[in-house]
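Engineer: A single structure is presented below for examination.
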Amino acid sequence: MVQSSAKETLELMLGHLGFVFSIEEQTRGERQVLNVLTRDPGRLIGRDGHTLEELQYLLNRVTHGAEETTTRVVVDVENYRLKEEQDFLVQVRAVAERVRRTGNPEKLEPMNSFDRRAVHQAFADDPDICTVSEETDARLKQITIEPRKR
């Protein structure tokens with residue numbers, strides 16, 4: 001099973017780095033999440049979550065190689081990503097309310113695929129708002145929130 005090998009690999013990585021930790025396996029939606037519990041979460045999260053992003057990238061490269069079809073494992077620390085996603089969606093909903101009020105489309109800041117997916121899912125069933133990703137090969141892409149055409 002891929003998830004258990006990912007957990008074992010993460011345990012080895014963090015152990016070699018000298019962390020004292022435990023790992024909870026969780027499922028969030030369709031995603032497998034390895035949530036690290038530690039006394040020093042800041043060291044693993046890094047500034048604005050950059051260290052956490054790199055740790056997740058490295059874990060997925062080690063466990064899956066370059067396969068793009070394999071389900072990626074999400075690494076979280078003390079539910080940092082969950083809290084950040086909730087705060088992020090509050091901000092995006094505020095933008096959507098402004099679009100709903102004014103009728104003018106607004107572009108969001110460039111974001112990774114995980115965040116883009118969360119935005120698209122948040123408005124998938126909204127009768128008034130739709131989301132459109134820009135067409136580009138860049139890893140970070142912008143989403144435009146606009147009124148849904150009837």
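Engineer: State yes or no: is Q142 touching a Lys or Arg at 6+ places or on another chain (Cβ under 6 Å) and closer than 19 Å to E84 by Cα?
Structural biologist: On the way: touching a Lys or Arg at 6+ places or on another chain (Cβ under 6 Å): yes; closer than 19 Å to E84 by Cα: yes.
So Q142 fits the description; yes.
Engineer: Still on this structure: Looking only at residues that are in a loop (DSSP other than H, G, I, E, B) and among the hydrophobic types (A, V, I, L, M, F, W, C) in segment 102-131, which one is nearest to H50 (Cα to Cα)? First the steps, then the outcome.
Structural biologist: Step one: of segment 102-131, the residues in a loop (DSSP other than H, G, I, E, B) are 103-105, 108-110, 112, 123-128.
Cutting the leftovers down to among the hydrophobic types (A, V, I, L, M, F, W, C) gives us 108, 123-124.
Numbers: L108: 20, F123: 27, A124: 29 Å.
By that ranking, first place goes to L108.
Engineer: If only one of E11, E68 is over 24 Å from Q121 (Cβ atoms) and either modelled with pLDDT under 90 or surrounded by 16 or more Cβ atoms within 10 Å (Cβ to Cβ) (or both), which one is it?
Structural biologist: Numbers: E68 fails: over 24 Å from Q121 (Cβ atoms).
After ruling out the rest, the residue left standing is E11.
Engineer: Working only within segment 31-52, note down all residues that are loosely packed, with under 13 Cβ neighbours inside 10 Å and free of Cβ contacts under 8 Å to residues at least 12 places away in the same chain.
Structural biologist: G42, R47, D48, H50, listed by residue number.
The values are calculated or read from the model by the stated rules, or taken from the named source; none is laboratory data. As the structure is a prediction and not an experimental result, all values here were calculated from the model. Every residue, glycine among them, receives a Cβ derived from its backbone with ideal geometry; neighbour counts consider all protein chains shown.
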